[in-house]
Amino acid sequence: MTGIVFVEDDTSFKGRLRKHLRNPPMRSVFLIVLLVFAIPVAIAYPKVSNVAQENWSDVQQARERHFVNVTAASWIYPFLRRQAVRMQEADVPAEWLSVRFTNGPCLAEHMTQLPGGKYAYAIESACGLLDEIQMKYAPECTQTSACNIPEAAVVELQIVLDRLKVAFSDANLVQPATDDQGQIRD
């Protein structure tokens, strides 16, 4: 008759395996957990890494475009337009000299953020011309109560506005503003 063999006493491979599985050492637990995580990671990693690389390049391009694209020109253009119109209609020195066209958006460091091409050229030349016009006719606007802007200054400002309008005519920044009757305002 065969006797009862306890698990501890079983020296066969099957007995040792049973003993090992009932009370596994930490090394075995660590290897099993590692395998459980490694297999899905090895299967999914190539797909996930390719998607991550594509998305990262999209993020980098978006980050670059944020600083170097037409959007910088798109907010400088309305600003310059508004200031030139304000100068054309100036009644007091505060309206004529409200902005210096060598600072703010026309600062040289800001000009480097514009993309190369006609938009950057139009903005840079407009800043220079507006500054020249402002300084040229500044003596006409020295009294605190009134600004006597000559018609020549208004015409020069209109030329700058027309050049900006031509340069940005195909930019598709916004639809032209209309008044209550649907007429396009300039």
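The values are calculated or read from the model by the stated rules, or taken from the named source; none is laboratory data. Everything numeric here is computed off the predicted structure, so don't read it as measured data. For neighbour counting, all protein chains shown are included, and Cβ atoms are generated from backbone atoms with ideal geometry for every residue, glycine included.
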Search result, residues across the stretch 124-144 that are assigned to a loop (DSSP other than H, G, I, E, B) and either touching a residue at least 60 places away in the same chain (Cβ under 8 Å) or under 22 Å from PHE168 (Cβ atoms) (or both): none
Residues of the stretch 145-171 satisfying the condition of being over 14 Å from ALA90 (Cβ atoms), assigned to a loop (DSSP other than H, G, I, E, B) and small (Gly, Ala, Ser): SER169, ALA171
Positions within the stretch 73-98 being buried (at least 21 other Cβ atoms within 10 Å of the Cβ) and of a type in the set (Val, Ile, Thr), in sequence order: ILE76
Residue list for the stretch 105-123, restricted to those being surrounded by 15 or more Cβ atoms within 10 Å (Cβ to Cβ) and either of a type in the set (D, E, K, R) or in a helix (DSSP H, G or I) (or both): PRO105, CYS106, HIS110, MET111, TYR119, ALA120, ALA122, ILE123
Considering residues of the stretch 109-148 that are over 23 Å from LYS165 (Cα atoms) and β-branched (Val, Ile, Thr) only, the residue modelled with the lowest pLDDT: THR144
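Here are some residues: ILE39, ILE4. Which one is β-branched (Val, Ile, Thr), at pLDDT 80 or above and on the phi < 0 side of the Ramachandran plot? Explain how you work it out, then say what you get.
On the way: ILE4 fails: at pLDDT 80 or above.
The match here is ILE39.
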